[in-house]
Amino acid sequence: MIGEVEGNSMLPTLQDGERYLINRMVYRFRDPKPGDIVKITMPGSGDFSVKRIIASPGDVVQIKEGHVFVNGRVSLESYLSKGVSTEGKSLGVKVYRVSGDSYFVLGDNRSLSIDSRMFGAVRRDRLVGRLWIW
């Protein structure tokens, strides 16, 4: 399936209007993993969005001092623009444990992204597929 990026929540990785392929089969053969860019069905609506998986089931996430910590270690996010600071938004600085069959997702453009900091982790069945960008 071919899709097109709508909006700026994944800048600088993905540009508004950029095209991508969605691999809907990959997660039948392997689990989603941190770093994967995925198309999701947004919680509370039928809308779609593109985000990056930051943490997997059982992981502990905390956002403090402008950085994302997963299982107590600062996440190395080389894909972010230089100087980007991650704010906790409604998550604040509290510790968040990713439960069950869910994944913690963030947009690369942290100041504009609506993501797991606001709506929590997304269930695996909301992952439409992994993106392939050309």
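The values are calculated or read from the model by the stated rules, or taken from the named source; none is laboratory data. These numbers come from a predicted model, not from an experiment. Neighbour counts are summed over all protein chains in view; Cβ atoms, including those assigned to glycine, are modelled from backbone coordinates with ideal geometry.
Descriptive notes on the structure:
- Members of the stretch 86-98 that are polar (S, T, N, Q) and either touching a His at 6+ places or on another chain (Cβ under 7 Å) or at pLDDT 95 or above (or both): Thr86
- In the stretch 56-67, the residues that are in contact (Cβ under 8 Å) with a residue 40 or more places away in the chain and surrounded by 15 or more Cβ atoms within 10 Å (Cβ to Cβ): Ser56, Pro57, Asp59, Val61, Ile63
- Every test in (1) in a strand (DSSP E or B); (2) surrounded by fewer than 12 Cβ atoms within 10 Å (Cβ to Cβ); (3) hydrophobic (A, V, I, L, M, F, W, C) is passed by Leu76 save one, and that test is (1).
- Just so you know, in the stretch 75-113 the residues that are β-branched (Val, Ile, Thr) and more than 14 Å from the chain's Cα centre (by Cα) include one that is farthest from Val61 (Cα to Cα), and it is Val84.
- Odd one out for Asp115 among (1) surrounded by fewer than 20 Cβ atoms within 10 Å (Cβ to Cβ); (2) at negative phi: (1)
- The one condition from (1) polar (S, T, N, Q); (2) at negative phi; (3) touching a strand residue (DSSP E or B) at 6+ places or on another chain (Cβ under 7 Å) that Gln15 does not meet is (3).
- When Val68 is tested against (1) part of a loop (DSSP other than H, G, I, E, B); (2) hydrophobic (A, V, I, L, M, F, W, C); (3) under 14 Å from the mean Cα position of the chain (by Cα), just one condition goes unmet, and that condition is (1).
- Any hit, the stretch 37-55, residues being part of a loop (DSSP other than H, G, I, E, B), in contact with a strand residue (DSSP E or B) (Cβ under 8 Å, 6 or more places away or on another chain), modelled with pLDDT of 95 or more and surrounded by 13 or more Cβ atoms within 10 Å (Cβ to Cβ): no
- Total residues in the stretch 79-104, condition at negative phi and not in a strand (DSSP E or B): 17
- Top-ranked residue in the stretch 79-112 [being among the polar types (S, T, N, Q) and under 19 Å from Val38 (Cβ atoms); ranked as surrounded by the fewest Cβ atoms within 10 Å (Cβ to Cβ)]: Ser99
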